Amino acid sequence: MIARCFIALELGETALEAVAEAQGLLDGDLVRKVAVDALHVTVKFLGDVSIEEVAQPLFETLAALVVATPAPPLGEARLDGFPAPGRANVVVLSCSDPELRVAGLAARAGLDEERAFHPHITVARGKGVDVRKLVKRYGARPLGLPTRLTLFQSDKTVYTPLASVAYSASK
């Protein structure tokens, strides 16, 4: 079966609290806030692929790494906007990834994209929103640890988990 898929880290309580605080600063008339059940850190976006031939085998390779290691610290969150904080279409919490273990997981997923990998949590979407003052106001917040690595099927904003594995320290 062909489906739009991605592999992501699910968030722990500390990260969910940081997201809630960031979303609380945003004007709901200017942005669409991401629902709690859709929050994650994408490790690898796969696109439209065969679940059986591409997505599941790649997930299983990464899952073997996850069950053998403690969860990687996500580090500190800083509010940011893409393409720029002064005209953001996407509002994110950038993860500092202090041990570069999230980036390492992404590299093992065969990250062959033109842009450099920067782990982040998408918290809202808008059109040309200026978040520069909010960036300063938010400062930095701890994100704690992810709980699981999950293979998701994506249907626009509805993410269906297809397979999941907990980090050894998160069991």
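Since every read-out is calculated from the coordinates, none of them should be taken as a lab result. Keep in mind that what you see is a predicted model, and the values were worked out from it rather than measured. Reconstructed Cβ throughout: ideal geometry from the backbone, glycine too, with neighbour counts over all protein chains shown.
What is the ratio of the Cα radius of gyration of the chain to 2.2 N^0.38 Å, where N is its residue count, to two decimals?
Details: Rg = 15.7 Å, N = 171, 2.2 N^0.38 = 15.5 Å.
Compactness ratio reported: 1.01.
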Among ALA103, LEU9, VAL31 - extreme Cα towards positive end, dipole of the chain, charges at beta-carbon: VAL31
Calculate for the chain the 222 nm mean residue ellipticity that helices alone would give, adding -39,500 (n - 2.57) per DSSP H run of length 4 or more and normalising by residue count, nearest 500 deg cm²/dmol. -7000 deg cm²/dmol
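If we count other beta carbons within 10 Å of each Cβ, what is the order of HIS40, HIS118, fewest first? Mind showing how you got there, number by number?
Numbers: HIS40 21, HIS118 14.
By the 10 Å Cβ count, ascending, the order reads HIS118, HIS40.
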Run the quick spin-label model on LYS127 and THR160: label points 7 Å from Cα toward the beta carbon, then report their separation in nm to one decimal. 3.1
What's the magnitude of the charge dipole for segment 2-170 around its Cα centre, counting Lys and Arg as +1 and Asp and Glu as -1 at the beta-carbon? Answer in Debye, nearest 20. 640
FRET efficiency for ASN89 and VAL67, Cβ-Cβ distance as r, R0 = 25 Å, nearest 0.05? 0.10
